[in-house]
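The values are calculated or read from the model by the stated rules, or taken from the named source; none is laboratory data. Predicted model, so just to flag it, every value in this text is computed and none were measured. All Cβ positions, even for glycine, are placed from backbone atoms using ideal geometry, and neighbour counts span all protein chains on display.
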Amino acid sequence: MIKAIFWDNDGVLVDTEPLYFSATRAVLAEAGVALSREAFIRISLEEGRSVFDLARDQGAAPDDLERLRRLRNHRYGELLASGMAALPGVEETLRALHGHCLMAIVTSSLREHFDIIHRHTGILKYFDFILTREDYQHTKPHPEPYLTALARSGLAPRQCLVVEDTRRGLRSAVEAGLGCAVIPNGLTHASDFSEARHVLSDVRQVAALLD
C-alpha cells in the first residue's frame with residue numbers, strides 16, 4: 001500500500017520550466033552562447049547537468065559562470081513574480097489525497113524561487129513537508145533528494161511513490177529505490193521513461209494509484 005507521495009514541483013505542480021528555459025537562454029545569449037530548446041531538454045531535464053557547461057566549454061572562467069548563474073536566477077525570479085498558478089487538476093488531486101497519505105514536495109528549486117512560485121498557488125497546505133535545493137548536497141538525478149525524503153517520512157521504499165515529469169527526476173527516484181509515476185509535459189514528452197512504474201497523461205490519474 002502506498003502511504004506517501006513525493007511530488008516534484010516544477011513541471012508537475014506548476015508550469016515553471018518554460019520560464020527557467022527562457023531566463024537561461026537569454027543570459028547565455030548575452031554571453032555569446034546559443035541554447036536551443038533541444039539542448040536544454042537533453043542537458044538539463046534529461047542528463048541533469050548545468051547548461052552553463054556550454055559557456056565553460058567556450059572558455060568562460062569560473063567567476064564568469066557564477067555571474068551568469070546569479071543573473072539567470074535574478075531574471076527567473078522576476079519572471080516568476082508575475083504570478084504562478086497550480087497546473088490544471090493539481091489542487092483537485094491534492095485535495096482528494098489529503099489525509100489519506102503523507103505528501104511532500106521534493107524539488108531542485110532554490111527556496112527563494114519556490115517561495116515566489118507558491119505565493120498565490122494555495123496548495124502548500126496539502127503537504128506534510130517540503131525539501132528544496134538547500135536541503136541536500138547533490139541534486140537530481142542524484143538519489144539524495146529522494147533518500148532525504150524517504151528518511152524524513154520514516155517509511156519503507158515500497159510504501160512511497162514519486163511523481164515526476166523529467167528523465168532527471170525519474171533517475172533520482174529509481175536510484176533511491178522508489179517507484180515513480182511520470183507525467184510528461186511539453187518539454188519532456190519525447191524522453192525515455194521506460195524505467196517508470198507508471199506513465200500518466202493527467203495528474204488526476206495519481207489518486208487511482210493508491211487503490
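Within region 161-189, the set of residues being small (Gly, Ala, Ser) and modelled with pLDDT under 95 comprises GLY186 only. Taken over region 54-97, the criterion of being without any contact (Cβ under 8 Å) to a residue 24 or more places away in the chain and either surrounded by 20 or more Cβ atoms within 10 Å (Cβ to Cβ) or among the polar types (S, T, N, Q) (or both) is satisfied by SER82 alone.
Only a single item in (1) among the aliphatic types (A, V, I, L, M); (2) under 18 Å from the mean Cα position of the chain (by Cα); (3) farther than 20 Å from LEU187 by Cα is not met by VAL51, and it is number (3).
Filtered by the rule that a residue be β-branched (Val, Ile, Thr) and part of a helix (DSSP H, G or I), region 30-48 gives ILE41, ILE43.
What do you reckon, is ARG197 more than 17 Å from the chain's Cα centre (by Cα) and within 24 Å of PRO18 (Cα to Cα)? Spelling it out, it is not the case that ARG197 is more than 17 Å from the chain's Cα centre (by Cα) and within 24 Å of PRO18 (Cα to Cα).
The set of residues in region 169-209 being in contact with a helix residue (DSSP H, G or I) (Cβ under 6 Å, 6 or more places away or on another chain) and basic (Lys, Arg) consists of ARG204 alone. Scan VAL12, VAL51, VAL27 and give me the residue that is on the phi < 0 side of the Ramachandran plot, in a loop (DSSP other than H, G, I, E, B) and either in contact with an Asp or Glu (Cβ under 7 Å, 6 or more places away or on another chain) or touching a residue at least 40 places away in the same chain (Cβ under 8 Å) (or both). Answer to the check: VAL12.
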